[in-house]
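Visitor: One structure follows; several queries about it will come next.
Derivation of every value follows stated rules applied to the coordinates shown; laboratory data play no part. These figures come from a predicted structure and were not determined experimentally. Here Cβ is always computed from backbone atoms with ideal geometry, including for glycine, and neighbour counts include all displayed protein chains.
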Amino acid sequence: MDCISADKKINIKGLVCPYTFVKAKLAIESMEIGQVLEILLDYEEASRSIPKSMEDHGQKVLLIKKINDSDWVLFIRKDTD
Amino acid sequence: MDFTDDQLQRYSRHIILPEVGGKGQAKIAAAKVIIVGAGGLGCPVGYYLTAAGVGTIALIDNDIVEMSNLQRQIAHNVHTIGMPKVESAQKTFTALNPDVRIVPLRVRISKENILNLIKDYDIVVDGSDNFPTRYLVNDACVMARKPLVSGAILRFEGQLTTIIPGEGHCYRCLFEEPPPPGLVPSCQEAGVLGVLPGVIGGLQATEVLKLILGKGETLKGELLMYNALNTSFRKVKVPRNPLCPVCGDSPTITELADYNEGYCTLS
């Protein structure tokens, strides 16, 4: 799992929906196809909604991982412009 | 485009749409739209385009706000009665979204000034209430090759169409000449349901945003008609007329004219 390397990382801890996805989407938009975005978040609902929305928008969810009591990390690969 | 925190919040429901996103919102912010008329149609069009964050919105209108406007012209209110409509609407729109630059143009549109007025804008919206202006705006947009979103309302019926010069029909392909003065009553003579311009203006604003974003299908080559009494929409195809006097293959109208003769110019 640790072999996934991110091209860009964002920390959206403290944000709630829809701003979690707004920030994640703007980050993905600014990247190239094939690059990987790492997202650190602490809003549980977003750990489910961001992957779902990213898939809906044509991106690839590589990993969803709870890393401690409060935080999740997501790895999303940009597949669609 | 770098968004401020306020802008991220304000435009969040746009940004999360796949068809808009941050890139689309940046296009909206860069767009310049000019609206002819700050009345029944111009108010909701301007209001929604302001909310959407269109960068620059110009409003052309020479009238002042009257009590009889308030049943449908939602940018004006009792405190702005007596004020030029363009200034009243500017106050309302700026209060909604100070990011948007509102350009109030208190002039009567004419063949002398129209090309100069529209030249710096990407899209023209016709929300005028009379045939002379409607034909003048159409002819000017064809000559200047400006996209035009044209709307009209009367009683319980409204219609709209999107004209992209060089790609489809123009207003004269639909109706070659203005009707004779007196044949078609004005809103003033025949009345209009106050909410009707909200429906048609909302549709016009939607057309403008799709043109800016380059997404979806617009009413290019089509006329949409709405009947509020039966709650029915009807869409008809409007082919470009190769014999059209202004956008046809051998146009006979090559200079703008004013068509005010015989028309009541009160609004």
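Visitor: Taking every pair of alpha-carbon atoms in the protein assembly as shown, give the share separated by more than 37 Å as a whole percent.
Guide: 30
Visitor: Extent of region A:8-77 along each principal axis, from alpha carbon coordinates, in Å, largest to smallest?
Guide: Projected onto its principal axes, the Cα set of region A:8-77 covers 32, 21, 19 Å.
Visitor: Once you keep just the Cα pairs under 8 angstrom separated by 6 or more residues, what percentage relative contact order results for region A:26-81?
Guide: With pairs under 8 Å counted, the relative contact order is 46 percent.
Visitor: Let's test the formula: R0 of 30 Å, r as the Cβ-Cβ distance of A:Glu29 and B:His79. What FRET efficiency results, to the nearest 0.05?
Guide: After rounding to 0.05, the efficiency reads 0.10.
Visitor: Restricting to DSSP H runs of at least four residues, report the calculated mean residue ellipticity at 222 nm for chain B, -39500 (n - 2.57) per run over all residues, nearest 500 deg cm²/dmol.
Guide: Taking each H run of at least 4 residues, the total per residue is -9000 deg cm²/dmol.
Visitor: Also, quick follow-up: Taking the Cα centre of region B:20-237 as origin, work out the dipole magnitude from +1 charges on Lys and Arg Cβ and -1 charges on Asp and Glu Cβ, in debye rounded to 20.
Guide: Dipole size: approximately 520 debye.
Visitor: DSSP H helices in chain B with Cα extent of 24 Å or more along the helix axis and mean Kyte-Doolittle hydropathy at least -0.5?
Guide: B:196-213
Visitor: Out of the DSSP beta bridges found with both residues in region A:31-79, what percent are antiparallel (nearest 5)?
Guide: Percent antiparallel among DSSP bridges in region A:31-79 is about 100.
Visitor: Using the Cα gyration tensor of region B:20-237, with a ≥ b ≥ c the square roots of its eigenvalues, what is the shape: rounded (a/c below 1.5), prolate (a/b larger than b/c) or oblate (neither)?
Guide: Here region B:20-237 falls in the rounded category.
Visitor: Show me the trypsin sites (Lys or Arg not before Pro) within region B:128-232 that DSSP assigns to loop and that have at most 16 other Cβ atoms within 10 Å of their Cβ. Don't skip to the answer; put the middle values down first.
Guide: Values: sites: B:Arg134, B:Arg145, B:Arg155, B:Arg172, B:Lys210, B:Lys215, B:Lys220; in loops: B:Arg145, B:Lys215.
The qualifying sites are B:Arg145, B:Lys215.
Visitor: What order, most packed first, do the peptides B:80-88, B:16-24 have when packing is the mean number of other Cβ atoms within 10 Å of each residue?
Guide: B:80-88, B:16-24
Visitor: Can you tell me, using C-alpha contacts under 8 Å and at least 6 residues apart, the relative contact order of chain B as a whole percent?
Guide: Normalised by residue count, the contact order of chain B is 19 percent.
Visitor: A further question on this structure: Putting +1 on Lys and Arg Cβ atoms and -1 on Asp and Glu Cβ atoms, find which of A:Leu15, A:Ala46, A:Ile67 reaches farthest to the positive end of the dipole of region A:8-77.
Guide: Of the options given, the answer is A:Ile67.
Visitor: Let me ask something else. Which residues in region B:13-37 place their backbone N less than 14 Å from a point set 7 Å from the Cα of B:Lys215 along the Cα-to-Cβ direction?
Guide: Those under the cut-off are B:13-29.
Visitor: Provide the percentage of antiparallel DSSP beta bridges, counting only those with both residues in the protein assembly as shown; round to the nearest 5. Walk me through the intermediate numbers first.
Guide: On the way: 31 of 54 bridges.
Roughly 55 percent of the beta bridges in the protein assembly as shown run antiparallel, per DSSP.
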